[in-house]
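Single-structure report; data block below.
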Amino acid sequence: MRLLVIFLISILLISCGDGNTNNSTTNYYSASPNSYYQIITESQNGVESLALSITTSTGNILDNVPLTITGLNTYSFGDSTTGGFTGTLILKNNQMGISVKEGINASFADFAIESLTDTTIPDGTYNTVCDQNNISACTVVVSNNQISITEYSVAGVPTNLCQNQVLQKISGTQNPYLSSFTCGVQGNSNSGTWYVMPITANSVTGIMVSEYNPSSTVDTSITNEIAFPQAAFTPNGTYNYVYNGISSNSGLTTASFSTAGIVNTVVGSCSGAACALIEGQYAGSVGMQGNLMTGFDYYNINGSINYNLVGSTIMNIFVDSFSGIYF
C-alpha cells in the first residue's frame, strides 16, 4: 500500500510539473494619450518567452500575442490569430521601437519607454525637429511648468508656435505620465493639443512629444519626436531606426554614423556613400548655407533634400526630420 501511494504521488508530480512558472508584465509608453504597449514575460522551468499586447482607449489591438526572437533584442509577431496584424519590435535599454502593419494598407511605427520613476520635465532649452513631418528646426523652452516652442524657417526666421503655455497633468488617458498644452503647427496656421512626457537615459532627460495633427480627427497616437537638452552632439556607431517618414511610409531598420557622416538607406545616400553631417547648423534651402545653432546638425541627400538632426551623445538617442528616431 505504501508503494502504491508513492507511485501515485510520483505520477501526479509528473503530470502537473513542478509549478516553477513566473509571469511578469512591463508597460512601455509612447507620448500617446490613447495607447500603450505591454510585454508579458513568462518563465517556466528556466525557459523564458515573451508576448505583446497593445492596449488602447477602445480595447486591445493585440492581446498576449507571442513574440518570436529574430536577432539581438529583436522580435517578430503575427499569424492567423492576430487579425491581420504583423510586425517587428526591438527592446533595448528600457526603450522600445515597434513597427506594426495591418494587412497591406495600413502601418505605423512608434518609440516608447518603460514606466517612469521621475515624471518631471526639467527647466531648460531643448532642440527638436517639429511642425508635423518633422521638417522644421524648433526650440522648446520649459520654465516653471510652462512651455514655449519656436519654429525656425530655412531662412532663419522664428515663429512662436506657443508661448508660456501651462503644462497640465492629465488624467483619464492610457498614459499616466503625460502633460498637455495648446500649441500651433504649420507656421501657427493651426492650433491644438500637444502631449509631452519625459524620457531619461544615462541621467539626462529629454522630452517625448506627440504633436497636434490638424489633419486627423483623433488624437495622435505615437511619439512624433524627442526634444533634447540644447548641446552639441556626436553620433557614432550603428543604431536601430524607427520611422514614420515624410512620405507616410513606416518601419524599423538600422542606420549608422561615422566620421564620414550618416548611412541610412531609408532616407537615401550620397552617390552610394555616407552623407556628411554639417555640424552646429540647421538646414537652409537646398543649395544654400545652413543656419548656425548649437545642438543641430543637418545632412543633404545627393543635393536634392535636407534633413535636420538633433540628439544627445549622452542619451545616445537621435531624431531626424524624416520622422525617424535612432536609439
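Things worth noting here:
- Ellipticity at 222 nm from helices only: DSSP H runs of n ≥ 4 in the chain, each -39500 (n - 2.57), divided by the residue count, give -1500 deg cm²/dmol.
- The fraction of accessible area contributed by carbon and sulfur in the chain is 50 percent, rounded to a whole number (1.4 Å probe; ligands and nucleic acids excluded).
- Percent of Cα pairs exceeding the 33 Å cut-off, where the set is the chain: 30
- Whole-Hz ³J(HN,Hα) from phi, Karplus 6.51 cos²θ - 1.76 cosθ + 1.60, for the range 106-120, glycine and proline x: 10, 7, 8, 10, 8, 10, 9, 10, 5, 3, 9, 9, 10, 9, 8
- Full-extension gain in nm, T70 to N94, via 0.36 nm per residue minus C-alpha separation: 6.8 nm
- Å² of accessible area per residue within the chain, as computed with a 1.4 Å probe and no ligands counted: 47
- The chain: angle of helix 2-16 to the longest principal axis, Cα-based, in degrees nearest 10: 20
- The residues neighbouring Y28, those whose beta-carbon lies less than 14 Å from its own, together hold a net charge of -1 under the Lys/Arg +1, Asp/Glu -1 convention.
The values are calculated or read from the model by the stated rules, or taken from the named source; none is laboratory data. Predicted model only: the values in this text are computed from it and were never measured. Positions of Cβ are backbone-derived with ideal geometry, glycine not excepted, and every protein chain shown enters the neighbour counts. For accessibility, only protein heavy atoms count, side chains too; no ligands or nucleic acids. Shrake-Rupley method; radii C 1.70, N 1.55, O 1.52, S 1.80 Å.
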